[in-house]
Amino acid sequence: MPFLELDTNLPANQVPAGPEKWLCATASILGKPKDHVNMMGVAGLTMVLSRSTEPWAQLFISSTSMMDTTEENRSRSTHFFEFLTKELALGQDQIIFHFYPLEPWQTGKKGMVITF
């Protein structure tokens, strides 16, 4: 069950709409069914990267049982960079990823943790 949050200081009108396209791309990159992917995007934030307020974005990716190796995350980073640089019209130096592994007991759903 992947969770993604995209934060950017781009104005909302410069972030392409169409969650279906984002869900399909994300599901493909992560190798998960799109009905398991959870996403949130926040635009128009006040953000600073290396003392600059130029446009940039950061993507937080957390999931159970998939952030296990450097090689897997390297491959995912490549695919996310390709997608986001095209969709947001940002350079690779303007996008940062954060990968967070979750244990099943750290995520609750339907009144219990997903371990059960």
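The values are calculated or read from the model by the stated rules, or taken from the named source; none is laboratory data. Keep in mind it's a predicted model, so treat the numbers as computed, not measured. We place every Cβ from the backbone using ideal geometry, glycine too, and count neighbours over all the protein chains shown. Side chains included, ligands, DNA and RNA excluded: accessible areas come from the protein's heavy atoms. Shrake-Rupley method; radii C 1.70, N 1.55, O 1.52, S 1.80 Å.
Tallying residues that are closer than 15 Å to I29 by Cα and touching a Phe, Trp or Tyr at 6+ places or on another chain (Cβ under 6 Å) within region 44-79 yields 6.
Residues in region 32-78 that are in a loop (DSSP other than H, G, I, E, B), open to solvent by less than 60 Å² (accessible area, probe 1.4 Å) and within 20 Å of T107 (Cα to Cα): K32, V37, M66, M67. What number of residues within region 80-97 satisfy the criterion of being of a type in the set (V, I, T) and touching a Phe, Trp or Tyr at 6+ places or on another chain (Cβ under 7 Å)? Total meeting the criteria: 1.
Is it true that Q106 is surrounded by 10 or more Cβ atoms within 10 Å (Cβ to Cβ), polar (S, T, N, Q) and touching a Leu at 6+ places or on another chain (Cβ under 9 Å)?
No.
Across region 37-80, the qualifying residues are those that are over 20 Å from P11 (Cα atoms) and among the charged types (D, E, K, R), and the one among them that is nearest to the chain's Cα centre (by Cα) is R76. Cβ-Cβ distances below 7 Å connect the following pairs, each with a first residue in region 15-31 that is open to solvent by 30 Å² or more (accessible area, probe 1.4 Å), a second residue that is of a type in the set (S, T, Y), and a separation of six or more residues or different chains: V15/T8.
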